[in-house]
Amino acid sequence: MSEIFIETVRDDGTPDDLGSVPMSLQMGPSHPAMHGTIKMRLRLDGEIVQKADVEVGYLHRGFEKSCENSTWTQVFPYTDRLNYVSPLCNNVGYAMAVEKLIGIDVPERCKYVRMIMSETSRVGDHLTCVGASLMELGAFTAFLYAIEAREEIWRLTEEVTGARLTHTYVRVGGLKDDLPPDFEAKYRKVEKKIRSLVDDILLLVDRNRIFLDRMKDTGVMTRERAIDWGFTGPCARASGVAYDVRKSHPYLLYDRTDFDVPVGTTGDNYDRYLVRMEELKQSLRIIDQCFKQMKPGPVNVDDPRIVMPDRDEVYGSIEGTIQHFKIIMEGIQVPPGEVYSYTEGGNGELGFYLVSVGEGKPYKCRVRPPCWNFMQAVHEMLEGYQIADIVPTFGSVNMIGGECDR
Amino acid sequence: MSQYVVQRLTERFPDQILETHAFRGDDTVVLKRDKLLEVLRFLKEDAGLNFDLPVDLTVVDWWRKKEPRFEVVYHLYSLGKGHRIRLKVPVDEDDAVVPSSRAVWAGFDWYEREAWDLYGIRFEGHPNHTRILLWEGFEGHPLRKDYPITKRQPLTALLDGKQE
């Protein structure tokens with residue numbers, strides 16, 4: 001596929017005395033900075049990127065086709081594997097879409113638990129993104145700090161959900177289980193550690209000359225272009241679009257919590273970094289308020305057609321056995337209709353468009369991946385910059401292959 | 001809130017609207033294909049509607065369930081007004097073409113390519129009408145309901161040398 005462009009004049013018409021020719025370069029998919037799932041065909045004039053052609057699809061696993069052949073509950077493990085850095089946000093997003101389609105409301109405690117778990121997941125997501133892009137810039141120590149903080153979160157999440165990465169914690173109409181009794185005490189320890197590690201990262205890089213030179217004024221996306229490309233989430237906010245689903249259209253109980261939405265001004269890599277670091281602190285603030293506000297109570301809706309019965313009932317009563325059998329074998333019966341439900345995922349507006357024909361399986365289960373929009377526009381953030389700027393720009397848009405390719 | 005949008009559209013394009021309905025708070029307008037681009041431009045540029053954010057574009061395949069077979073579904077959002085709308089455009093299997101909205105919102109570029117790739121809907125006027133998730137040379141469109149889930153199309157030969 002490699003091609004060499006031989007030109008004797010430059011694009012502006014001046015003669016090219018040095019006889020240099022634009023070079024075409026294949027970057028990825030087996031390139032560490034491309035996360036193994038993106039290929040870029042670059043046309044370079046020396047160090048300057050003239051044209052970038054982005055190719056996706058290396059991680060396409062047929063999410064939608066698989067969902068159409070699973071029951072509504074069996075979709076949860078697939079949603080874990082969309083944005084696998086913040087799976088709980090996806091779990092919550094999908095569960096809320098199905099609940100909207102059925103027309104049920106979950107108990108208050110369930111909403112608080114979902115908020116706490118989503119926000120811890122978001123902290124992990126932002127830490128991974130920031131840490132990985134710092135590592136790609138050579139700041140390996142900062143990466144280790146970020147990953148240590150994320151590891152604390154995953155350990156905590158493992159105690160709640162039983163899994164480190166693919167949690168499948170949320171269910172239609174509730175949760176797999178309530179939080180463990182000593183969760184808050186454990187969380188406080190983790191929170192303390194996260195805060196100190198985040199401060200360490202800030203001290204390491206915030207006024208680092210190399211870091212600032214690499215991040216400032218590179219990969220700029222203006223507000224108008226960001227809206228036109230359909231940007232949402234931290235990338236849109238860094239460009240000055242003050243849109244956060246949690247604030248603009250509060251779901252769960254986000255309207256009862258007080259938090260700020262950080263907004264950038266220039267939309268460069270540095271702004272995206274700052275927005276993520278601030279959001280991470282705001283997430284911790286939200287969790288704090290959730291702990292203060294939540295009260296003991298049920299976490300599942302009281303509806304045997306939707307929620308799985310307790311184990312004792314399954315093995316001890318005929319009703320429990322039938323109920324269990326029906327939900328497992330036939331799936332939850334969802335009334336016919338279509339909904340679009342949207343939540344704030346780690347990367348932006350995570351939408352689920354579900355169509356039901358009144359069966360135990362989704363007729364269509366479409367996910368609106370926020371990364372998709374970043375990837376179709378990333379060439380605008382690369383062209384005209386140096387080849388070395390690809391790495392921080394690509395890192396700061398936080399492309400997650402599982403979500404982008406599905 | 002988006003009832004206002006439905007009302008505005010009905011006043012402006014009474015002959016283009018096949019049906020409107022609301023379910024669980026989502027307002028939907030079913031449109032004819034003829035003047036689709038004009039309607040989309042109106043939605044974006046009208047000061048009272050101002051749908052500036054392209055949210056989602058996808059297709060529903062109603063194989064053996066409904067006629068016409070496909071529905072192209074648009075989701076739009078207005079950052080300034082805070083309202084949403086869902087548009088649906090039914091298209092026939094034999095004539096699965098809709099005008100491309102790439103010129104109205106740049107953000108639907110890849111969404112349209114994906115819809116072509118997975119559902120086989122053509123978007124007339126799209127500047128780069130190629131497959132996106134699958135490779136050129138892939139046969140069929142896998143999200144169509146008549147594409148079996150067990151069908152395999154390996155790009156490279158399998159370990160036993162068979163191409164299947």
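Here is how the numbers come out for the structure above:
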item: Positions within the stretch B:121-132 being open to solvent by 10 Å² or more (accessible area, probe 1.4 Å) and either facing another protein chain (nearest Cβ under 10 Å) or in a loop (DSSP other than H, G, I, E, B) (or both), in sequence order; result: B:Gly125, B:His126, B:Pro127, B:Asn128, B:His129, B:Thr130, B:Arg131, B:Ile132
item: Criterion violated by A:Ser66 - all others in (1) in contact (Cβ under 8 Å) with a residue 40 or more places away in the chain; (2) of a type in the set (Ser, Thr, Tyr); (3) part of a helix (DSSP H, G or I) satisfied; result: (1)
item: Pairs where the first residue, in the stretch A:374-386, is at negative phi and the second is part of a helix (DSSP H, G or I) and among the acidic types (Asp, Glu), C-beta under 8 Å, 6+ apart; result: A:Gln376/B:Asp109; A:Leu382/A:Asp389
item: Criterion: touching a residue at least 12 places away in the same chain (Cβ under 8 Å) and in contact with a His (Cβ under 9 Å, 6 or more places away or on another chain) - qualifying residue of A:Lys186, A:Lys176, A:Lys193, A:Lys216; result: A:Lys176
item: Pick from the stretch A:250-281, criterion farther than 16 Å from A:Glu344 by Cβ and among the hydroxyl-bearing types (Ser, Thr, Tyr), ranking: nearest to the other protein chains (Cβ to nearest Cβ); result: A:Thr265
item: Failed condition for A:Glu55, given (1) within 9 Å of another protein chain (Cβ to nearest Cβ); (2) within 17 Å of A:Arg368 (Cβ to Cβ); result: (2)
item: Residue match in the stretch A:86-103 (condition: in a strand (DSSP E or B), farther than 25 Å from B:Leu118 by Cα and modelled with pLDDT under 90); result: no
item: The stretch A:214-249, subset among the basic types (Lys, Arg) and open to solvent by 70 Å² or more (accessible area, probe 1.4 Å), residue farthest from the other protein chains (Cβ to nearest Cβ); result: A:Lys216
item: The lone exception for B:Leu79 - which of (1) more than 10 Å from chain A (Cβ to nearest Cβ); (2) open to solvent by 10 Å² or more (accessible area, probe 1.4 Å); (3) closer than 13 Å to B:Leu53 by Cβ it fails; result: (1)
item: Selection status of A:Tyr270, touching a Leu at 6+ places or on another chain (Cβ under 6 Å), surrounded by 21 or more Cβ atoms within 10 Å (Cβ to Cβ) and not aliphatic (A, V, I, L, M); result: no
item: Of all residues in the stretch B:23-38 being in contact (Cβ under 8 Å) with a residue 40 or more places away in the chain and touching a helix residue (DSSP H, G or I) at 6+ places or on another chain (Cβ under 7 Å), the one that is farthest from the other protein chains (Cβ to nearest Cβ); result: B:Leu31
item: Test: residue in the stretch B:22-43 that is open to solvent by 60 Å² or more (accessible area, probe 1.4 Å), assigned to a strand (DSSP E or B) and at negative phi; result: yes
item: Among (1) buried (at least 18 other Cβ atoms within 10 Å of the Cβ); (2) closer than 30 Å to A:Tyr78 by Cα; (3) of a type in the set (Phe, Trp, Tyr); (4) more than 21 Å from the chain's Cα centre (by Cα), the one test that A:Phe211 misses; result: (2)
item: For B:Pro90: the one exception among (1) more than 10 Å from chain A (Cβ to nearest Cβ); (2) buried (at least 22 other Cβ atoms within 10 Å of the Cβ); result: (2)
item: Filter result for the condition that a residue is more than 14 Å from chain B (Cβ to nearest Cβ) and at pLDDT 90 or above, over A:Arg285, A:Arg305, A:Arg311; result: A:Arg285
item: Failed criterion for B:Gly48 (all others in (1) assigned to a loop (DSSP other than H, G, I, E, B); (2) under 29 Å from A:Glu99 (Cβ atoms); (3) small (Gly, Ala, Ser) hold); result: (2)
item: Subset tally (residues that are polar (S, T, N, Q), surrounded by 24 or more Cβ atoms within 10 Å (Cβ to Cβ) and more than 7 Å from chain B (Cβ to nearest Cβ)) for the stretch A:329-373; result: 2
item: Every residue from the stretch B:100-118 that is under 10 Å from the mean Cα position of the chain (by Cα) and more than 10 Å from chain A (Cβ to nearest Cβ); result: B:Ser100, B:Ser101, B:Glu112, B:Ala115, B:Trp116
item: Filter result (surrounded by 16 or more Cβ atoms within 10 Å (Cβ to Cβ) and farther than 14 Å from A:Thr120 by Cβ) within the stretch A:176-192; result: A:Lys176, A:Asp178
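For (1) open to solvent by 20 Å² or more (accessible area, probe 1.4 Å); (2) of a type in the set (Val, Ile, Thr), each residue gets a yes or a no:
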| site | (1), (2) |
| --- | --- |
| A:Asp255 | yes, no |
| A:Phe259 | no, no |
| A:Thr265 | yes, yes |
| A:Leu274 | yes, no |
| A:Gln293 | yes, no |
| A:Asn300 | yes, no |
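The values are calculated or read from the model by the stated rules, or taken from the named source; none is laboratory data. Source: prediction; values computed, not measured. Heads up, the Cβs are rebuilt from the backbone with ideal geometry, glycines too, and the neighbour counts pull from every protein chain shown. Note: accessible area is taken over every heavy atom of the protein model, side chains too, but ligands, DNA and RNA are not part of it. Shrake-Rupley method; radii C 1.70, N 1.55, O 1.52, S 1.80 Å.
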